Amino acid sequence: MGTLPPRSIAAAHEGEDGNVSHPSNQKELDAGARFVLKSKGSWVHSGYHLTTSIVAPPLLSLPFAFASLGWTAGLFCLVIGGLVTFYSYNLISLVLEHHAQMGHRHLRFRDMAHDILGPRWGRYYVGPIQFMVCYGAVVGSTLLGGQCMKTIYLLSSPNGNMKLYEFVIIFGGLMLILAQIPSFHSLRHLNLISLLLCLAYSTCATAGSIYIGRSSKGPNKDYSLSGDSTEARVFGIFNSIAIIATTFGNGIIPEIQATLAPPVKGKMFKGLCVCYTVVTVTFFSVAISGYWAFGNQAEGLILSNFLDNGNPLVPKWFVLMTNIFTILQLSAVAVVYLQPTNEVLEQTFADPNSGEFSARNVIPRLISRSLSVVIATTIAAMLPFFGDINAVIGSFGFMPLDFVLPVVFFNLTFKPSKRSPIFWLNITIAVVFSTLGVIAAVAAVRQIALDAKTYRLFANI
């Protein structure tokens, strides 16, 4: 990623009056911008894309985060995470709109960093960490999809001998097909279904937690902070804060805004309102009901609490249905986070002067995207402990991309007075979440050290 071209010129520019004027030379667009980041969508479509990228199955780990924080701190962190990310995403959208009105529409995160921070920041920092975060999300989704498939299999065949890596490969086969969808904009219908699916499995997780919590099958409710020692509790707190922060993570706001047809002014805010309506409903219902039902015994994925030594605490069909909803949405999440990789591959191997569906472009697209999915699937199958690694990537990636850089971009672009509240609010957010990112990275590395003795390649966990 260090050799990425620094910037692209948008397919359409907006004048100060909001009128759209097309550039005189369309050849200035590279293939990644032309074919993957088509600017044809509406604000409703951006809402679908945003919801799929944020409201994903990792939200099912929120009760586990509450187990180390307790009710008050857990709810406080959840509210702050939602408010800060909604604010930050709106700031980065305003910066993108400002540059579009000035005649230079940025289509990619690294383009913004190139123009605002300097070429090296875009090429050697923002580009690589965005790639790691997004590709890590693809690997993580593939692994989680395989784990959900294995759960369904073991419920149907308790004595079955299929291994986790086999289910990961099956999920990877589904991803091979979805990866060939040509552009980000083409995912709008899939992401509408994804929005409905996240509502479905969140409702199931909430209903299942309430059912178990009110029955005699559930565990005794203990809301004391988890951890055997003071050190474990302290690291648990920071790890939980990182879980909540990265659950709100996105990392591809510029690429989503790039899918909007010009003029873009105001559209992203509407899309974020759609997204955060779903965020509010799903995040709070799952976190509160899951922690209420299971207390400090909440598992890393709340669906695991629905099974007691392999025996379902809710009707078997309910567990199967919830896992199916989760698997289907994971496929949409994975293909959304595959878009930055697809854009780079298209930019590298495609010819912008040939047709999108010409043999010259279709063959390299099919080969490169398939190879990308095969590599992600292999990593997921080989490293079933990838969640620990992803925690490190998330702390180094999601924190700066979603909490720090948006406020820095805003201050450098609009230059608010140092006496204004917004300047110091942005500085505070940048400092606090930079610090949290470093601490979260330390906690994630510590967890890897603790778990290292259990790591086995292609382990059946």
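General observations
- Being surrounded by 22 or more Cβ atoms within 10 Å (Cβ to Cβ), in contact (Cβ under 8 Å) with a residue 40 or more places away in the chain, among the hydroxyl-bearing types (S, T, Y) and in contact with a Gly (Cβ under 9 Å, 6 or more places away or on another chain) is a property that S209 has.
- Filter result for L225 (touching a residue at least 12 places away in the same chain (Cβ under 8 Å) and among the hydrophobic types (A, V, I, L, M, F, W, C)): yes
- Residue list for segment 58-117, filter: open to solvent by less than 10 Å² (accessible area, probe 1.4 Å) and on the phi > 0 side of the Ramachandran plot: G70
- Any hit, segment 154-164, residues being surrounded by fewer than 16 Cβ atoms within 10 Å (Cβ to Cβ), among the aliphatic types (A, V, I, L, M) and at pLDDT 95 or above: no
- Residues in segment 234-268 that are over 19 Å from the mean Cα position of the chain (by Cα) and in a helix (DSSP H, G or I): V234, F235, G236, I237, F238, K267.
- Tally of residues being at pLDDT below 95, over 16 Å from P254 (Cβ atoms) and surrounded by 22 or more Cβ atoms within 10 Å (Cβ to Cβ) across segment 35-54: 1
- Residues satisfying the stated conditions in segment 167-179, i.e. touching a residue at least 40 places away in the same chain (Cβ under 8 Å) and either open to solvent by 10 Å² or more (accessible area, probe 1.4 Å) or among the acidic types (D, E) (or both): I169, L174, L176, L178
- Filtering P352, P340 for residues that are in a loop (DSSP other than H, G, I, E, B), surrounded by 18 or more Cβ atoms within 10 Å (Cβ to Cβ) and out of contact with any strand residue (DSSP E or B) (no Cβ under 6 Å at 6 or more places or on another chain) leaves a single hit, P352.
- Spans of helices (runs of 4 or more DSSP H) in segment 358-461 with at least 2 residues open to solvent by 20 Å² or more (accessible area, probe 1.4 Å) and farther than 21 Å from P128 by Cβ: 359-382, 405-414, 421-451
- Odd one out for I288, checked against (1) under 26 Å from the mean Cα position of the chain (by Cα); (2) in a loop (DSSP other than H, G, I, E, B): (2)
- Just one residue in the set V138, V133, V126 is β-branched (V, I, T), in contact with a Lys or Arg (Cβ under 9 Å, 6 or more places away or on another chain) and assigned to a helix (DSSP H, G or I); that residue is V126.
- Residue match in segment 180-192 (condition: touching a residue at least 24 places away in the same chain (Cβ under 8 Å), open to solvent by less than 60 Å² (accessible area, probe 1.4 Å), of a type in the set (A, V, I, L, M, F, W, C) and not in a helix (DSSP H, G or I)): yes
- Scanning segment 219-269 for residues that are more than 28 Å from F396 (Cβ to Cβ) and open to solvent by less than 20 Å² (accessible area, probe 1.4 Å) turns up L260, V264.
The values are calculated or read from the model by the stated rules, or taken from the named source; none is laboratory data. If you're wondering where the values come from, they're calculated on a predicted model, not measured in any experiment. With ideal geometry, Cβ positions are generated from the backbone for all residues, glycine too; neighbour counts draw on all protein chains shown. Note: accessible area is taken over every heavy atom of the protein model, side chains too, but ligands, DNA and RNA are not part of it. Shrake-Rupley method; radii C 1.70, N 1.55, O 1.52, S 1.80 Å.
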